[in-house]
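Presented below is the structure to which this report refers.
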Amino acid sequence: MSAPLIPPRLRDDCFAMPQGVAWVPVDEALRRLRAALRPVAGVETVPSHAARGRILASDALAQRSNPPRANAAVDGYGFAHAATGAGIQRLPLVSGRAAAGQPFQGAVPPGHAVRILTGAMLPEGVDTVVLEEDCALGEGLVAFDGPIKPRANTRKAGEDVVQGALALPAGQRLRAPDLALLSALGLGEVQVQRKLRVGVLSTGDEIIASAGAPALPHQIWDANRPMLLALAEAWDCAPVDLGHVRDDRAAIAARLDAGARDCDVILTSGGASAGDEDHVSALLKARGTLSSWRIALKPGRPLALATWDGAAVFGLPGNPVAALVCALIFARPALSLMAGAGWQEPQGFTVPAAFSKRKKPGRREYLRARLVDGAAQVFASEGSGRISGLSWADGLVELPDEAIDVAPGSAVRFLPYTGFGI
Ligand code: AMP
Ligand code: MG
């Protein structure tokens, strides 16, 4: 285990927007966010079988070549190519066989053949294999039609990866296939970034923290906290439940203090606008570390970005639809960068629209959408309080900052939830 790396914390003014900026286009906001952030996590060593979702902190180099030795790619008969030619070949079979995990003992003389099975190391004297389906077997003999190409049906030592070669680079987020590679190359342990600790805090006098707990008609159950905690989990961060606080500055400050001790990043929801009860933004402003970004985005504005005792704070809108869109568009790439995996663009693709919409210029727009027969349908209501639409959807349709007239069949960009890693 290596010594823990203590990274620098964020500067207080890292999110500052230039003076006079009124509405920031989404791409510009993303550029600024990317420039303001840097990786914060430390490093630890974990068994590679338990490393799914972790981010490599150093390059993984092959401990051994794959395959370590030349071996057979099929079941058949192995021989030295040099002793064969064109036309019918009849080779005497040596006794014994070569199987995966059971190497043939001894050498196969030129002009002889040996029974060999897929994955078996080529015995000494064997460089070529003929497929068993292409052979006839007689008394101690195997016959096939030549010529066979030299090294046919064999795998060269190191043809996949050579010992010492770069298997996976630092910054790679490990997926199931990557674990196969690490294991095949003899890497039992890997150095990975410590998981980014992501605190989630809900604010609002109307919010009841636990779903199903008694709620009066003016109260609503917290929809954002479970969603944001689940996003942090899906993004392979370490979620930290900071609970719910009322719209009370002292209470919010105390919870942020606690959150900054235990977390690298804090996602708050609610209270981020400039209204009377928007205590999160007021508080962050009072501490002098707020940069309220008026992003030209629907749904979503406002997004408050701040630092609190060195932890990055994303003040997301309270509205669950806007909270999700802002989390997917802004928090996901930011968290990925802070976790050491680099900025992460969502994966999307162009599909025909199955809806009509006339969009005005000025703001980028994200619609709850799903694909039906390859075309994007959008949720019946654009109402930002319609949480059922988030769950109905399989992704978002992204409409450009400019005006656009969408008719059925128009090309639109679809960003599936899976492309956001959820
Ligand atoms: P706010 O950003 O605090 O002005 O809240 C905007 C809207 O989102 C209001 O209708 C709030 O009741 C609602 N809201 C805020 N936080 C949550 C939450 N955690 N779960 C569900 N709705 C919320
Ligand atoms: Mg509120």
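The values are calculated or read from the model by the stated rules, or taken from the named source; none is laboratory data. These numbers come from a predicted model, not from an experiment. Quick reminder, even Gly has a Cβ in these numbers, built from the backbone with ideal geometry, and neighbours come from all protein chains shown. Just the protein is used for accessible areas: all its heavy atoms, side chains included, with ligands, DNA and RNA removed. Shrake-Rupley method; radii C 1.70, N 1.55, O 1.52, S 1.80 Å.
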Accessible area in square angstrom per residue, the chain, 1.4 angstrom probe: 47
Net charge contributed by nearby residues that have their C-beta within less than 14 Å of residue 244 (K/R +1, D/E -1): -3
Structure-based [θ]222 nm, the chain - -39500 (n - 2.57) summed over DSSP H runs of at least 4, per residue, nearest 500: -5000 deg cm²/dmol
Beta bridges by DSSP in the chain, antiparallel share as percent, to the nearest 5: 70
Hull shadow area, averaged, segment 349-420 [alpha-carbon convex hull, nm²]: 4.6
Cut-off under 5 Å, modelled amide H: who pairs with residue 163 long-range: 65, 66
Order by protection proxy (mean Cβ within 10 Å, highest first), peptides 38-44, 93-99: 38-44, 93-99
Contour minus Cα-Cα distance for residue 241 and residue 404 (0.36 nm per residue): 54.6 nm
Residues of type aspartates and glutamates that residue 359 reaches as a straight line, Cα spacing below 17 Å, ignoring anything fewer than 8 places off in the same chain: 382, 398, 401, 402, 405
Accessible surface of segment 285-349 [probe 1.4 Å, protein heavy atoms]: carbon and sulfur percent: 46
